[in-house]
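I have placed the structure first, in the form of structure tokens, so that the comments after it can refer back to it.
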Amino acid sequence: MLVKDRAQTGRIGEDLAAEHLERQGYQIIDRNWRCSLGELDIVAFAGGLTVAVEVKTRRSARFGPPLEAITEEKLARLRLLAVEWMRAHDRRGRIRLDAIGIELKPEGRARIQHVEAMS
Amino acid sequence: MTIGRATSIALHGLEGTLVPVEADVLQGLPKVHMVGMPDASVRQSQHRTWSAMRHSGFTPPETKVVINLTPASLPKAGSHFDLAIAIALLRASRVVPEEESESTVCIGELGLDGRLRPSRGVLPMVLAAQRCGIARVVVPSANVPEAELVDDVSVIGAASLAHAASALGADIAPYPVEAIRFDEVEEAESQRLDMVDVLGNEAAIAALELAAAGRHHMIMVGPPGAGKTMLAARLPTILPELTTEQALEAASVRSLTSERPSDRLDLSPPFESPHHSSTAASLIGGGSAGQIRPGAAVRAGHGVLFLDEAPEFPRSVLDMLRQPIESGEVVIHRARGVARFPASFQLVMAANPCPCGKLGNGDCTCSSRERMSYFSRLSGPLMDRIDLQVRVSRLSSVSRSAAQPSATSNEIRARVLEARARASHRLCDTPWRAMGEVSGTWLRKTHPLAQGETKAIDTALERGLITMRGYDRILRMAWTTADLDSAPAPTSAHLARSLAFRKALQ
């Protein structure tokens, strides 16, 4: 697979995830926020709570469910990133860490799995 | 999602404990938490189970899963928990309906393709399930014959996970698959041994008959080629058949140790002859915690443990036998647990008269020191347990032509059975089954002999020629001799014969 295709898969997945969140009543406040630590895919706001969302997209289940790709190490980095985002935006309170797994199906549909408050 | 449940069995020695398995499918990143003291083979079950589910047409959970093997404090070992774990997961996702009363035990290791692989120790597991009141077991197809030896438990054989799920009520049509069988093992052509094969050696055959009748432990001393091994190998042919319970126990041990478990009950008493290079672990049993394997002494349970060249065994190894001889069981302690195995064997030892084996023929090359140290390896406490000490001599050509063929094994066994019947009548209210097992104190107290009859051994005791323990042994042997003679109680003649067997080595 070309590097371009891979980036595109990720982009499609993130769009789908954002749509899904909006349908669920989340308000998207930031996307692809970068700092020296890395990137936060989506930051949203719902019910007085800030939520950072990591999106993982796969084109098929052949290599297992997409969320399997989130390792302990990655999770630790996401936690730091979330805190960093709060500081950069001068927000107080708690921030929740969610994950959305997206499996793209050939017929253009997608399977979305939303895990709230992964720990 | 709810919690799914299934039940399996953990084995410690031959004893089994029910292990209810719980599977909880939770929100969270995909990860499996296996709790309840699993060992490496149980922890790796996760990978086998997930693959097996995928290849059986099921969807394994893609979120956080907690699998709990209870009771949490009991260490679990073995790959046979796979099936219970998979069924618990399928019940959590409602693919397999929940069982109202937990009355089915699942046993089996899963292959990645979803087929069930045969497990070791299925017979003792099913026996344990039966004792816990379990009505139904699911086992791999290859283990069905041994599982069916157990009464009152209905056995479901499954070739694959899909077959097992379907048998437990899942609404699926499993693909037919070829069940995994045990590797074909060449069965050793079991020769029909018979006492009639033995030429001469009448005294030794008489001693074997005595040993069989009273379950007395025995040692034979004689030069190489005297036929000690031949005689010992024929002892099982004159022993009574095993009871169903004993045969099940023997088959359970085989199920744990052998490449191929028994598919029918074998009633002939086992015969084990470990080599003298055996270690303590191979003689008694050993291995790491959870997977403790029984040794030759356990495999010889209810049968004969034959130690050829007994003085060549390391003394420390021989002394390991004292505990099972005393208590009838082997107890193996490890940091994480204790395994108990029944080991009520009859010990038969063979020894050369000296290290070179030529003593008595005039051309022995051993020094007197070597000769002394040879038998000193058989420690006092061990020899104290050996009631029968017999000299076996080589057959010369003259006596060979004159030798009468011995009685057949069946004839001797008939006499042995009669003697055993008399003994068991006498022992009906005791824990003992044969005269070789009874305690001397009990024998002297409940069955005293007339003073006139015991005069010879009383004198020997007074003079310090025999110890009190030796006195008791002679008494036990005399009772067996009397049983074989259909006499109500031993007479002085019976006592004199037993005394002769005691003195054979001096």
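Read the figures in this text as sums done on the coordinates, not as results from a lab. Every value quoted in this text rests on a predicted model; they were computed, and no experiment measured them. Glycine also receives a Cβ, built like all others from the backbone with ideal geometry; neighbour counts cover every protein chain displayed.
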**Message:** Please list, by residue number, every one of the trypsin sites (Lys or Arg not before Pro) in region B:238-321 that is coil in DSSP and has at most 11 other beta-carbon atoms within 10 Å.
**Reply:** B:Arg264
**Item:** Nonlocal amide H pairs with B:Met349, under 5 Å, H built at 1.01 Å
**Value:** B:Met218, B:Ile219, B:Met220, B:Leu307
**Item:** Alpha-carbon centroids, region B:1-72 and region A:1-62: separation in whole Å
**Value:** 33
**Fill in**
Residue by residue through region B:113-122, the couplings from Karplus 6.51 cos²θ - 1.76 cosθ + 1.60 with θ = phi - 60°, in Hz, x for Gly and Pro, are 7, x, 7, 8, 9, x, 10, 8, x, 5
**Request:** Please identify the longest segment of chain B free of exposed GluC sites (Glu not before Pro), where exposed means a DSSP state other than H, G, I, E or B and no more than 14 other Cβ atoms within 10 Å.
**Result:** B:260-506
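For region A:85-119, which GluC sites (Glu not before Pro) are in a loop by DSSP, counting at most 16 other Cβ atoms within 10 Å?
Numbers: sites: A:Glu103, A:Glu107, A:Glu116; in loops: A:Glu107, A:Glu116.
Passing both the DSSP loop test and the Cβ count: A:Glu107, A:Glu116.
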**Fill in**
Reduced to Cα centres, the span from region B:235-274 to region A:78-119 in Å works out to 63
**Asked** Can you give the angle from 0 to 90° between the axis of helix B:244-257 and the longest principal axis of chain B, with both taken from C-alpha atoms, to the nearest 10?
**Response** 70
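Nearest 5 percent is fine: what portion of the DSSP beta bridges confined to region A:3-115 is antiparallel? Walk me through the numbers on the way to the answer.
Numbers: 18 of 27 bridges.
In region A:3-115, approximately 65 percent of DSSP beta bridges are antiparallel ones.
Take A:Phe63, B:Phe81, B:Phe501 and order them by how many other Cβ atoms sit within 10 Å, fewest up front. Mind showing how you got there, number by number?
Working: A:Phe63 10, B:Phe81 32, B:Phe501 24.
Ranked by crowding around the Cβ, least crowded first: A:Phe63, B:Phe501, B:Phe81.
Please label the shape of region B:294-346 as rounded, prolate or oblate, based on the square roots a ≥ b ≥ c of the eigenvalues of the alpha-carbon gyration tensor (a/c under 1.5 means rounded; beyond that, a/b larger than b/c means prolate, else oblate). Write down the numbers at each step before the final one.
Values: a/c = 2.23, a/b = 1.38, b/c = 1.62.
The shape class here is oblate.
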**Request:** Quick one: angle between helix B:202-214 and the longest Cα principal axis of chain B, in degrees between 0 and 90, rounded to 10, please.
**Result:** 50
**Prompt:** Going by how many other beta carbons lie within 10 Å of each one, how would you line up A:Ile112, A:Ile100, fewest first?
**Reply:** A:Ile112, A:Ile100
**Request:** Could you line up B:Cys106, B:Cys428 from fewest to most neighbouring Cβ atoms inside 10 Å?
**Result:** B:Cys428, B:Cys106
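Give me a single rounded figure for A:99-111: the average over its residues of other chain Cβ atoms within 10 Å of their Cβ.
Working: counts 3, 0, 4, 0, 1, 0, 0, 0, 0, 0, 0, 0, 1.
So the per-residue partner count for this stretch is 1.
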**Request:** Counting other Cβ atoms within 10 Å, keep those with at most 14, restrict to DSSP loop, and tell me which trypsin sites (Lys or Arg not before Pro) in region B:93-133 are left.
**Result:** B:Arg94
**Request:** Quantify how strongly other chains surround peptide B:477-488 by giving the mean number of their Cβ atoms within 10 Å of each of its Cβ atoms.
**Result:** 0
**Request:** Under 15 Å from the Cβ of B:Pro71, count the other residues' Cβ atoms, weight Lys and Arg +1, Asp and Glu -1, and hand me the total.
**Result:** 0
**Message:** Show me, for region B:438-444, the HN-Hα J-couplings you get by feeding each phi into the Karplus relation (A = 6.51, B = -1.76, C = 1.60, θ = phi - 60°), rounded to Hz, glycine and proline as x.
**Reply:** 6, 7, x, 4, 4, 5, 5
**Message:** Using only the alpha-carbon atoms, how far is helix A:72-88 inclined from the longest principal axis of chain A? Give it as 0 to 90 degrees, nearest 10.
**Reply:** 50
